[in-house]
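Written below as structure tokens is the structure these notes are about.
The values are calculated or read from the model by the stated rules, or taken from the named source; none is laboratory data. Just so we're clear, the structure is a prediction, and the values are computed from it rather than from any experiment. Ideal geometry is used to build each Cβ from the backbone, glycine not excepted, and the neighbour counts take in all protein chains shown.
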Amino acid sequence: MQRNRVAPAAALPASPTGQGQGAWREFGARVRHWRRRAGLTQAQLGAGIGYDHTAVSKIEHGARRVAPRTADRIDGLLGAGGDLSAACLHAETAELSALDSFSPALLRPPLPAGAPAAVPPADAVLPAAVLPSPARLPDYGLLCPLHGAEGCEVPGPAELAARYAEFCSPKVLVDPAAAPPLDAGTAHALTGLLAAHLRAGEIGGRPGLAAAVERTLHAVLARLATAPAARRAPLARLAAEHAHAAGALRMQDGRNATAMACYDRALTWAGLAGDLATQVGTLSDLSILARLDGDPQAALGYAREIDRIAPGRPWAGAMDRVSRARAYALTGDVRAAVRQIGLARAHLEHIGTQDEVDVPWLSIASMRMRVESAAAAALRDLAAAGDDLRLARRALSATETALSLLGPNQLPASRLLFIVRAADCHACAHDPRTALEILAPALEAAPATALPALVEHELRGLRGRLAAHEPRAAHRLAELARS
């Protein structure tokens with residue numbers, strides 16, 4: 001029997017859009033009802049329509065749409081008497097209505113097109129030269145906007161560079177109506193290149209990355225303005241991923257105002273595309289920006305919004321709770337912060353099938369690393385504010401756990417951040433000598449270019465704490481940071 005084929009370029013993505021999610025969940029619930037009534041397992045139903053059991057699971061959870069002809073086949077196999085065919089038609093109508101007409105505000109990029117000197121030409125950053133791209137998607141937390149978690153191949157470096165240059169050509173930006181529709185190869189190339197951009201940004205020392213990502217975003221929006229409704233969902237997802245990535249790169253450079261603008265637009269497009277992972281990731285980053293601005297109430301508000309848009313998802317609940325913990329720590333509320341850390345860790349114990357549907361690229365280890373890293377930061381903030389050695393030791397234990405979950409060659413900027421945090425925990429525990437001993441090799445091995453903004457933020461806090469009690473250690477740290 002023929003297996004499920006990759007969706008054509010003109011089709012909507014595997015995941016439903018935001019406005020249609022409720023209708024697709026209802027469709028999935030009805031499929032589950034009729035399947036159980038027929039006495040079939042997910043695997044048996046999948047075999048009857050050429051899908052595997054994981055695809056049927058996604059359909060039943062409302063995370064995957066189906067074409068009307070597939071709904072008709074399911075209806076016939078399960079003896080639903082047209083009920084599933086009608087539910088599919090309703091879901092498609094609800095989904096397309098959200099994408100049928102965009103207001104000018106929804107199509108406005110987060111930042112205006114820069115001057116020629118500010119925005120590099122399409123061939124300024126080529127993956128064949130400096131950015132090794134992944135061989136397959138998903139990668140670096142990014143899903144293909146057409147094929148989702150099913151996975152797909154990324155074109156080789158030469159083809160990838162050519163597709164990027166064509167997609168972002170000045171001609172298309174001026175006359176998007178003349179551009180061909182987004183085909184599968186280009187969708188793979190743009191997503192793979194975005195993953196390469198983010199990985200290069202993690203390493204540091206890559207000027208122009210944010211501008212290159214923003215250039216692609218402008219090209220995506222130009223097509224989104226003229227694309228028919230049935231072809232807008234993949235473009236909306238690309239827009240959301242690129243806006244979120246641009247915000248992350250701007251935040252790494254310490255440009256918080258422009259990062260905020262990018263994140264705001266990412267939320268809009270991710271909602272239209274039904275991209276729950278990008279929505280949650282963006283809200284988490286917005287909470288970080290609010291903390292950096294010293295605004296715990298705004299940080300807490302963004303964290304609570306995660307629970308509103310993704311209720312009942314343990315992975316999202318963990319992100320929500322650690323963001324709350326960090327906001328409460330900023331106010332000095334020990335009891336509330338520690339309680340939220342406990343709730344975040346409890347959420348990790350319940351991650352399961354539905355979470356894999358939402359974020360199939362996410363592993364339990366990576367989620368635990370995020371939770372322990374944020375818990376360490378919250379506990380460290382509380383220890384520093386209250387001169388509490390017990391909390392400092394708990395913060396150090398959480399930091400060491402986060403470091404142990406990070407592979408030796410993974411996320412070098414995150415590794416440096418964790419090491420700085422571990423040193424700060426030692427300083428909060430009144431052990432400045434150990435703090436400098438573990439920090440010196442990491443700073444000496446760091447890239448010669450400017451450190452990521454979050455690392456600089458942590459270093460400023462550490463220097464301030466050392467200066468208050470150990471001026472000589474603070475002076476030595478300043479020397480290390482300059483070297």
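The figures follow:
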read-out	value
Count - residues of segment 177-194 that are acidic (Asp, Glu) and either buried (at least 18 other Cβ atoms within 10 Å of the Cβ) or more than 19 Å from Leu137 (Cβ to Cβ) (or both)	0
Per-region count, segment 150-177, residues closer than 16 Å to Ala219 by Cα and out of contact with any helix residue (DSSP H, G or I) (no Cβ under 7 Å at 6 or more places or on another chain)	9
Residue check for Ala122: touching a Cys at 6+ places or on another chain (Cβ under 8 Å), surrounded by 19 or more Cβ atoms within 10 Å (Cβ to Cβ) and at pLDDT below 85	yes
Failed condition for Ala246, given (1) surrounded by 24 or more Cβ atoms within 10 Å (Cβ to Cβ); (2) modelled with pLDDT of 95 or more	(2)
Unmet criterion (only one of (1) surrounded by fewer than 24 Cβ atoms within 10 Å (Cβ to Cβ); (2) in contact with a Ser or Thr (Cβ under 8 Å, 6 or more places away or on another chain); (3) within 21 Å of Leu190 (Cβ to Cβ)) for Asp275	(1)
Checklist (1) surrounded by fewer than 19 Cβ atoms within 10 Å (Cβ to Cβ); (2) touching a residue at least 40 places away in the same chain (Cβ under 8 Å); (3) over 27 Å from Ala55 (Cβ atoms) applied to Leu330, failing item	(1)
Matching residues, segment 298-311, being in a helix (DSSP H, G or I) and in contact (Cβ under 8 Å) with a residue 24 or more places away in the chain	Ala299, Leu300, Ala303, Ile306, Ile309
Test: Ala210 is surrounded by fewer than 21 Cβ atoms within 10 Å (Cβ to Cβ) and touching a His at 6+ places or on another chain (Cβ under 9 Å)	no
Qualifying residue in segment 378-399 (condition: in contact (Cβ under 8 Å) with a residue 12 or more places away in the chain, aliphatic (A, V, I, L, M), surrounded by 18 or more Cβ atoms within 10 Å (Cβ to Cβ) and closer than 20 Å to Leu451 by Cβ)	no
Qualifying helices (runs of 4 or more DSSP H) (wholly inside segment 184-294; at least 1 residues being under 23 Å from Pro155 (Cα atoms) and touching a residue at least 24 places away in the same chain (Cβ under 8 Å))	184-203, 209-226, 232-252
Options Ala435, Ala446; residue that is out of contact with any His (no Cβ under 6 Å at 6 or more places or on another chain) and surrounded by 17 or more Cβ atoms within 10 Å (Cβ to Cβ)	Ala446
Subset of segment 25-47 [free of Cβ contacts under 8 Å to residues at least 40 places away in the same chain and either surrounded by 15 or more Cβ atoms within 10 Å (Cβ to Cβ) or under 27 Å from the mean Cα position of the chain (by Cα) (or both)]	Arg25, Gly28, Arg32, His33, Leu40, Gln42, Leu45, Gly46
Residue list for segment 414-449, filter: touching a Gly at 6+ places or on another chain (Cβ under 7 Å) and part of a loop (DSSP other than H, G, I, E, B)	Pro447, Thr449
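Quick grid of which residues meet (1) more than 25 Å from Ala277 (Cα to Cα); (2) modelled with pLDDT of 80 or more:
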| residue | (1), (2) |
| --- | --- |
| Leu12 | no, no |
| Pro16 | no, no |
| Arg25 | no, yes |
| His33 | yes, yes |
| Gln44 | yes, yes |
| Arg64 | no, no |
| Ala71 | yes, yes |
